[in-house]
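Structure first, then comments.
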Amino acid sequence: MTVLPEHERTNPYSAYGAHGSVLVMNSGSSSLKYQLVNPVGGEAIAAGTIERIGESSGVIKHRFAGNTTTREERVADHGEALRIALSLFDEVGPRLADANVYAVGHRVVHGGATFSRPVLVDDDVERQILDLAPLAPLHNPANVTGISVARRLLPDVPHVAVFDTAFFSSLPKAASTYALEKETAEKYGVRRYGFHGTSHHYVSGKVARVLGRRLQDLNIIVLHLGNGASASAVRGGIAVDTSMGLTPLEGLVMGTRTGDIDPAVIFHLARNANMSIDELDDLFNKRSGIKGLAGENDFRALHELIASGDEDARLALDVYIHRLRKYIGAYMAVLGRIDVIAFTAGVGENDDIVRAQVVEGLAGLGIAVDPERNAVRSKEPRVISPDWTSTLVMVVPTMEELAIARLSVEVVEETEKAGHPVTFPPAALASEAVDPEVPAEDHAPEPTLAEES
């Protein structure tokens, strides 16, 4: 894309010739998050959230030009939520006509084995995403609802689905295959899919750009640490392993999730505590992790509890750090050489205590953080390791919205370059998806769209 000089721009939102902004959307069962993004400069032009959709009173926030407009009113459904969002663009700014919206990018949690890359949305794609609902029952139906409504209300703009799982479609079979009976695994789609892929993809690419290195020459461990947390091993820009599995439950200890646990714990609790599948699901996903151990999953509050002498909080952090260090060790073995460890997401970007403890005692492996560099609070990507280390430790703020915006532009461009002009058939599935209850998540500072998984 060609960036126009400022004096040649027709309006303040279009910095890139024929390409305008991208409206990025994340639809949950009772929420809608959106951001208008400049895919070249990377800045968020405007952003908003509409929460408690379908409840007695909704909460609406729209941010533009340094100001936040907040309202509380009932929002009946996703159609009304999107209509409210569009009206706020006209009322508060910026007008979408002036922003020259080039595409709408939709975050979708699970692409299964069907989608290994972002795709232009049509009715068949909607149906396929909905067909994958058994793999992500809390997310995919809500994602489809948002897509359907958006296609109906914004029919003259191409819509692109960007999947959390797509970046990990490259996993070697040895990494993606569970040692489960082959026939059962194939019949029910049981394998490692991985999540937070948009974040891992963005961060690994950003590392190379910041360092001025070729991505294909780098071995990187990305630690996406928010309320949901995941690790990945990335060789030359290609994901070769990741901690999350069939669902986002596997892997690291998280805000409310167990992460790795002996699967026989399920049998034990079912037999001896008479817990149902739904009760176990709730226990493992919503009442465990840091919150289950310490009663608190906001890391700022956790550190306050530790400072006050709370032993449960201390143990919770120790368990969290222990699991992280195990994954770093495992991915060192997978990659053979680590050039960079990159911390990202709410906890990874903001918690210098966690970062320091994760690498504590690893100096013999060439991994350490410089206390002064680590203590710096900044929204800029930066190196926090001392100059002598063989492995760089970095903090790289994730920007999933920007990644989704750029991927959406690429999909539309590729489609048109291939001689297939983008057309806009009417959405047929608006309102067909059932809205399951999605838990409120991500209490880390300033969560991004992809944090929900």
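Some notes on this structure:
- Cut-off 11 Å between beta-carbons: net charge of the residues surrounding Leu302, Lys and Arg +1, Asp and Glu -1: -3
- Lys187 accessible area, assembled protein chains, probe 1.4 Å, Å²: 150 Å²
- Per residue, the accessible area of the stretch 276-386 comes to 48 Å², computed with a 1.4 Å probe over protein heavy atoms only.
- Size of charge dipole - the chain - debye, nearest 20, with Cβ of Lys, Arg +1 and Asp, Glu -1, no other charges: 1000 debye
- Hz values of 3J(HN,Hα) by residue in the stretch 61-67 - Karplus curve (6.51, -1.76, 1.60), Gly and Pro given as x: 9, 9, 10, 7, 6, x, 10
- Straightening the chain between Arg127 and Ser276 buys 50.6 nm, computed as 0.36 nm per residue apart minus the Cα-Cα spacing.
- Rounded if a/c under 1.5, otherwise prolate or oblate - the stretch 195-322, Cα gyration tensor axes: oblate
- Placed amide H near Arg192: partners under 5 Å, 5+ positions off or other chain: Thr177, Tyr178
- Gyration tensor (alpha-carbon) shape descriptor, the stretch 13-139, a/c threshold 1.5: oblate
- Sorted largest first, extent of the stretch 73-223 alpha carbons per principal axis (Å): 53, 45, 28
- The stretch 259-275 - phi-based ³J(HN,Hα) in whole Hz, Karplus 6.51/-1.76/1.60, Gly and Pro as x: x, 3, 7, 4, x, 6, 4, 4, 4, 4, 6, 5, 7, 9, 10, 6, 7
- Dipole magnitude of the stretch 59-202 about its Cα centre (Cβ charges: Lys, Arg +1; Asp, Glu -1), debye to nearest 20: 420 debye
- Cα-derived Rg to Rh of the chain, Kirkwood definition: 0.96
- Note on the chain: dipole from Cβ charges, positive end direction compared against Ile147, Gly236, Ile129; the farthest Cα belongs to Gly236.
- Built amide H within the under 5 Å cut-off of Ala46, gap 5+: Leu36
- Looking at the chain alone, DSSP beta bridges between its own residues are antiparallel in about 70 percent of cases.
- Within the chain, longest stretch clear of exposed chymotrypsin sites (Phe, Trp or Tyr not before Pro) (DSSP loop, no more than 15 other Cβ within 10 Å): 179-387
- Computed from backbone phi with θ = phi - 60° and the Karplus coefficients 6.51, -1.76 and 1.60, the 3J(HN,Hα) list for the stretch 389-396 is 6, 7, 10, 6, 10, 10, 10, 10 Hz; x is used for glycine and proline.
- Listed residue (Thr247, Ile221, Ile306) projecting farthest to the positive dipole end of the chain, Cβ model: Ile221
- Once the Cα-Cα distance is subtracted from the 0.36 nm per residue extended length, the Arg152 to Phe267 segment shows a gain of 36.8 nm.
- Solvent-accessible area per residue, Å², over the stretch 123-267 with all protein chains present [probe radius 1.4 Å]: 37 Å²
- Each of His322, Ser288, Phe267 was placed along the dipole of the stretch 260-338 (beta-carbon charges, centred on the mean Cα), and the one lying farthest toward the positive end is His322.
- Solvent-accessible area, 1.4 Å probe, carbon plus sulfur percent, for the chain: 51 percent
The values are calculated or read from the model by the stated rules, or taken from the named source; none is laboratory data. Note that the coordinates shown come from a computational prediction; the quantities given were computed from them, not determined experimentally. In this analysis, Cβ positions are derived from the backbone assuming ideal geometry, glycine residues included, and neighbour counts consider all displayed protein chains. Heads up: the accessible areas ignore ligands, DNA and RNA and are worked out on the full protein's heavy atoms, side chains in. Shrake-Rupley method; radii C 1.70, N 1.55, O 1.52, S 1.80 Å.
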